[in-house]
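These notes are about the structure you will find just below.
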Amino acid sequence: MNFDEYSIQFIKGVGDKRAQLFHKLGVYTLQDLIHYYPRKYIDWSKTLSVKEAEPGEPAFIKATMITPVKEAKIRKGLTLYKCNFSDGEVVIHVTIFNNEYLAKSLRTFDDYILYGKVDKTFTEASMSSPQIERVENAQGIHPIYPTTNGLSSKIIEKVVSEGLKKAEQIPESLPEYIMQEYGLCSLDFAIRQIHFPTKEENIQKARKRLIFEELLTLQLGLMMLKGARTVQNMQKIRTDYTDEFYSLLPFEPTDAQKRAVADCIGDLMGDKQMNRLVQGDVGSGKTAVAGAVIYSIIKNGYQAAMMAPTEILAVQHYESFCRLFKDVDVRVALLTGSTKATEKREIKRRLLDGEIDLIVGTHALIQNDVEFKRLGLVCTDEQHRFGVEQRSNLAMKGNNPHLLVMSATPIPRTMGLIIYGDLDISILDELPPGRQEIRTDLVTTDYHPRIYKFIKNAIDNGNQAYIVCPLVDDNESDLISAKEYAEELSTKVFDGYSLALLHGKMKPKEKERVMERFANGEVQILVSTTVVEVGVDVPNATVMLIENADRFGLSQLHQLRGRVGRGKDKSFCILVSDNKSEASVERLKIMKSTSDGFKIADYDLKSRGPGDFFGTRQHGLPKLKIADMLEDTGTLTQCQECARLILHDDPRLDSFPVLCNQISNMFRRSNY
Ligand code: ADP
Ligand code: MG
């Protein structure tokens, strides 16, 4: 039987009306039903005597009914049913409200289990509206399901039980050797036990299997999607020019950089088009990695495009590539929104004629009228600023160029495999040597006078400073107070210094203009209400002051801190917060204790959840029923390994029909 095609309303006890209610819970088919898991359990076998029960605490009391039910109509709509039970020592007065069905079902001298709060006096006890089950029905552990109006947990329990009868044997999705390898019970056992555990420890066994099942399904689905998107390598290179490129560098590349470059070159020489993310902390040297890949592809006769999210960044990249390639035969050009029309036309012509090897630019590069002669590689910097769509837009140009994406947002590896499901990942987990630590301090607002003095000192020494003050809410009045703060700083505190304000409501062009003035030293202090443009290099800036630091995620703070410490001078990051809560202080102290972006990301992930990482992509990911990406990272890692093994032997999952079915189910529902 195909559980997917078996509609819920054909299960015993479910008619048209109940089916509608089940639909509300997202349960349409038998398949949905057996995967509709309880949210918790109650164990009816743990019965106590009245004496043992804590007063006021819910308990299971095993008792015999000793007097028949007396009915009392209090008013319209309120009927009380009263009767007495005995646990052998103490009489329990039970009151039932309105539940005629239950009241009529009780039989004197039969044994029941009462579940509810027990109120005790010296000689007697009472329970108000307890759950009452006949002893023979109340054996063991019972599931409690998430409910909806009109559909109680108890009804769901009954229907699930019918559903499991109907299903007979639940087909196994995994071969024996995988279950053995990861210590998993069978799927049939897991599903039956997750609903109706015969003993407590079986719940854990069942959960383990079902979490594994779900994460494996997710991972396989993502990997297959990636496989489906993979295209043949149309820009295969024959010769690796990495060593030649390294000789151009004024420094020795780190091992991490070498590994990342080797990954990329391996892709370029392989059978599949490259789709790679290079992830590395600020300052880990991603530009040099991109440079190496760009150099090799150009030397093999192709063109390369490097795209940056802002004009300033594009200009910075352009200038550093010009410097790097000044003695070799690589022709570099810059194309941005502010390139003049005549020049633009000329650049486009040269791109089409193959007279430019490397074009650096902004979004202007993905406009339709920009064409290439032999585009072999597209490289985008700071990927989180670019949508997936834009990425693929650029990839459409030319003949499926290789794609290299660089990101400075450290994401734990397991998480990255989910978020960037469609990319391979190389990680730069090492900073170039000799990088000086940025001194980080955590202070309260009463330190302001001293901080201001410190900043003035730095500026008098020829350095620059950032002051970041986050908006509490993204509204007008908040913006005004930020503006007022900037105003006050510039007229009172930093009178005589040059200060500019950057805020989220400014047009991109205006922002760029301000950043440019800061980058060229015209502006000494940059006050910003937003995260300062990522990736911009102002080596002369040595102080990063962050107001209300507790309002930022640690990863954001880390990004901000990365704006300083880029030059030869000692740099400082000052976190200001009056938030005295232990959690907040502990969080901010992490910033003091480490400069490792991955550690910080891990901590952020644990303390704040993955929202920050998933961002807008989250909606695209299938919803999980039992697994938790945060709690179950260990299992996630296992599943990633397992998924790779499975796909290696059987890329189309021909021998895994059940898994295939689960994947299409999971991804169909989420409109991935
Ligand atoms: P990011 O990863 O943040 O983009 P960059 O590529 O801008 O980092 O590199 C930061 C700085 O470190 C640059 O000034 C660059 O020249 C320098 N750098 C990169 N790699 C090395 C290295 N292996 N040794 C020394 N300096 C390096
Ligand atoms: Mg960079």
Q | Yes/no for Ser571 being within 16 Å of ligand 1 (Cβ to nearest atom), within 22 Å of the chain's Cα centre (by Cα) and hydroxyl-bearing (Ser, Thr, Tyr) | A | no
Q. Restricted to region 228-258, and to residues that are buried (at least 18 other Cβ atoms within 10 Å of the Cβ) and more than 21 Å from Tyr302 (Cβ to Cβ), which residue is nearest to ligand 2 (Cβ to nearest atom)?
A. Gln257
Q) Can you name every residue in region 363-396 that is within 16 Å of ligand 2 (Cβ to nearest atom) and modelled with pLDDT under 85? A) Asp381, Glu382, Gln383, His384, Arg385, Phe386
Q. Regarding Ala103, is this residue modelled with pLDDT under 95, within 17 Å of Thr47 (Cα to Cα) and open to solvent by less than 60 Å² (accessible area, probe 1.4 Å)?
A. no
Q. When residues of region 637-649 are filtered for being surrounded by fewer than 13 Cβ atoms within 10 Å (Cβ to Cβ) and closer than 27 Å to Thr29 by Cβ, how many remain?
A. 0
Q) Taking region 430-459 only, how many residues are under 22 Å from Leu588 (Cβ atoms) and of a type in the set (D, E, K, R)? A) 5
Q.
From the list Gly221, Gly266, Gly291, Gly283, exactly one residue is among the small types (Gly, Ala, Ser) and not in a helix (DSSP H, G or I). Which is it?
A. Gly283
Q. Does at least one position in region 259-271 carry a residue that is within 14 Å of ligand 2 (Cβ to nearest atom), surrounded by 22 or more Cβ atoms within 10 Å (Cβ to Cβ) and free of Cβ contacts under 8 Å to residues at least 60 places away in the same chain?
A. no
Q. If you take just the helices (runs of 4 or more DSSP H) that sit entirely in region 132-201, which of them hold at least 3 residues that are surrounded by 14 or more Cβ atoms within 10 Å (Cβ to Cβ) and touching a residue at least 60 places away in the same chain (Cβ under 8 Å)?
A. 153-167, 187-195
Q. Hey, does region 293-305 have a residue that's within 16 Å of ligand 2 (Cβ to nearest atom) and buried (at least 24 other Cβ atoms within 10 Å of the Cβ)?
A. yes
Q: Pairs only if they're at least six apart or on different chains, beta carbon under 6 angstrom, first in region 438-452 and closer than 10 Å to Ile574 by Cβ, second open to solvent by less than 40 Å² (accessible area, probe 1.4 Å) and assigned to a helix (DSSP H, G or I); list them, first residue then second.
A: Thr440/Met591; Leu442/Leu588
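The values are calculated or read from the model by the stated rules, or taken from the named source; none is laboratory data. Note that the coordinates shown come from a computational prediction; the quantities given were computed from them, not determined experimentally. Positions of Cβ are generated from backbone atoms using ideal geometry, with glycine treated the same way; all protein chains shown enter the neighbour counts. We work out accessible area using only protein heavy atoms, side chains counted, and drop any ligands, DNA or RNA first. Shrake-Rupley method; radii C 1.70, N 1.55, O 1.52, S 1.80 Å.
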